[in-house]
């Protein structure tokens, strides 16, 4: 490869890396990566009833899946 092409590739990759670093620092400064309330809100709003509903829905899904597999095996 020509040294001119190598220098151009090095310059472009350095520029892209600097742009990525700038974007990362900007995101950190503006709070893009902070979600302080995510887990606290989940703990506050997920009550016992919601958890029971989730377990019940999971059991129904598993039951329907077993029934579907049974029906498919009886068709074959």
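Each value in this text was obtained by applying a stated rule to the coordinates, not by laboratory testing. These numbers come from a predicted model, not from an experiment.
Helical content alone sets the calculated 222 nm signal of the chain at -28500 deg cm²/dmol, taking -39,500 (n - 2.57) per DSSP H segment of four or more residues and averaging over every residue. Just subtract the alpha-carbon distance of residue 52 and residue 30 from 0.36 nm times their residue separation and send over the number in nm, one decimal. In short, 4.1 nm is gained.
Fraction of C-alpha pairs exceeding 17 angstrom in the chain: 74 percent, rounded to a whole number.
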